[in-house]
Each structure stands twice: as structure tokens, then as C-alpha cells.
1. What FRET efficiency, computed as 1/(1 + (r/R0)^6) with R0 = 30 Å and r the Cβ-Cβ distance, is obtained for Ile123 and Glu227, rounded to the nearest 0.05?
2. Given the options Glu78, Glu195, Glu264, state which has the largest fluctuation in a GNM of the chain using a 10 Å cut-off (strictly under) for Cα springs.
3. What percentage of the solvent-accessible surface of the range 149-276, computed with a 1.4 Å probe over protein heavy atoms, is contributed by carbon and sulfur atoms?
4. How far is the Cα center of the range 48-69 from the Cα center of the range 143-206, in Å?
5. How far is it, in nm, from the label point at Ala37 to the one at Asp22 when both lie 7 Å from their Cα along the line to the Cβ?
6. For Lys262, go through the lysines and keep the ones whose alpha-carbon is under 29 Å away, minus same-chain ones fewer than eight residues off.
7. Which order, highest average first, do 26-36, 128-138, 55-65 follow once you tally other Cβ atoms within 10 Å for each residue and take the mean per peptide?
8. Projected area of the range 44-238, taken from the Cα convex hull and averaged over every viewing direction, in nm²?
Amino acid sequence: MAAVDSFQNGVLQCEIEPNGFDFSNCTRNCALARMGAAPPRLNSTGTTIVAVTYKDGVVMGADSRATAGNIIADKHCEKVHYITDSIYACGAGTAADLDQVTKMLSSSLRLLELNTGRKARVITALRIAKQHLFNYMGYIGAYLLIGGVDPTGPYLYDVSANGVTMARPFAAQGSGSYAAITVLEKDFKIGMTEEEASNLVQVALHAGMHGDNASGNSLNLVVITPEKTIFRGPIVPDFCNKPEPIESDYKFKTGSTTVLKKKEIKFDIVESMDMH
């Protein structure tokens, strides 16, 4: 009870004096730890997704490796999700959550287009996604890059699993984003051509896939312009191809290695798997 009382007093004090930084969550976490509450379990997911805006549109891309812990579960996972003809979303996080969230977005925007007779805007997709994710406070593992072109221009938005969103000229998400974002920050410039933007996205994805064990296998790109949408992939980088077989012979003759010590171990066969 003492831990609970101190926690409540800390919360009341923060409510009375709201100025400055609020560290009430630190008090809460300490109180919960003293009461024996287990901290939330964090899951690491592997992905590299990248998106860039350019002069007339948006280029988005992702790798295709899905992992289950330290195991590669799927080498051809589709992480570039269709929303509408001119809006796509790249997803990082839990594959099942991403599939369901993007399907919900796609169906909601299609119904909106049928009801209004107009193409859905990118900001509408963002609004639906952020409200849905905020309701679940991060328990839906969907980190999205929503991009597209509507009558008002090209747009790119970064969406976190807890509903926090931000408009960006370029963005990267996933465990390989640390390597990818360095390439984007170095080479991105305003007013790029479609070819420059596509090359930049591919180089950033290569960096993320090469520097992250949980990203790789192949990549997919989507180029969205006011006139059309082009999907490219799967593209397999050179470093993702199987290595060539070793041609040199590393077999050595008997006696090449000096034997320093010998030890014999006697054992009994308890059970044999040999077929008679």
C-alpha cells in the first residue's frame, strides 16, 4: 500500500504543478516494479522500408524477408501494400497486423470513392489509419509509410503503431532503417526526377538489407505519378544471390596435421537406429 500511496501522491503533485517536464510515468514504473508487476515484453521485428517524394510523385520500396525470431520465415513477404490506385503503404512490424490494417484502409477508401465519386486523398488514408491505431495504443504492431498522389500533389506520411504521424519528404522504418536513413539524408534533394528518386530508394534499401540480418532476399518498388502507378519487383541485389561454389580444393593428405594428444573413450550402444 505504501508504494501505491507514494505513486498516487506523485500523480497528484504533477496535476497540481503541471509546469515543466512530467516524470510521473517514472514514478508509476518504479511503483509497479516494487509491486512485482512484470514489464511489457518487447518484440524485435526485422524489415527495411523506404519512401521518397520527388518532383511529380512518390517512390516507395521494401525488402521481402519476414522473420520469426532469428529464423527467416518467409523470403517473399509482400510489404508494399495496395490501398488505392494512387495510394500505397509500406509496412514494418507484425505481418498479420499490417495485412489487416492495410485491407481495412483499402476497403474504407474504396467505399468512400464509390460514395463520393471522387478519388480518395492521401490525408484521408492517414486520418483513418491514425485513428484506428490510436484506439489500440500500440498493441497493433503496424508501422506504416503511407504515400501517394492526389489532385493536390504528392504526399508521404510516417505512421507509428501508437497513432503518431508526421509528414516527411523522405522516410525509412524497420530494423534496417538506421543504415537506410543515412543514405537518404546524404543524397536526398528537393525536386528530384523519377529516375533519381528510384535509384535513391534502391540504394537506401541495399544499405538497409546489407547492414541488417533481418532484412534481405529481394526488394519491391512502386512508383506513383499523377498519371499512373508502376510496380517493380522482385529485384534481387547482387549481394543477395547465392554465392558461387568454391572451386579450390581444401582437402589435405593424411598426416598433414600433427597429432598432439590421443584419447580413447569406450561406450556401449544402448539403442541403435540402424535398419536390419
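The values are calculated or read from the model by the stated rules, or taken from the named source; none is laboratory data. What you see is a predicted model, and the numbers here were worked out from it, not measured in a lab. Methodologically, a virtual Cβ is constructed for each residue, glycine included, from the backbone with ideal geometry; neighbour enumeration extends over all protein chains shown. The accessibility values were calculated without ligands, DNA or RNA, using every heavy atom of the protein model including side chains. Shrake-Rupley method; radii C 1.70, N 1.55, O 1.52, S 1.80 Å.
1. Details: r = 21 Å, r/R0 = 0.69.
For Ile123 and Glu227, the calculated efficiency is 0.90.
2. Maximum among the listed residues: Glu264.
3. On the way: 5120 of 9450 Å².
With neighbouring chains kept in place, the figure for the range 149-276 is 54 percent.
4. If we compute the Cα centre of each part, the gap is 7 Å.
5. Result for the modelled spin labels: 1.6 nm.
6. Lys251, Lys253
7. Per-residue mean Cβ counts within 10 Å order the peptides as 55-65, 128-138, 26-36.
8. The directionally averaged projection comes out at 10.1 nm².
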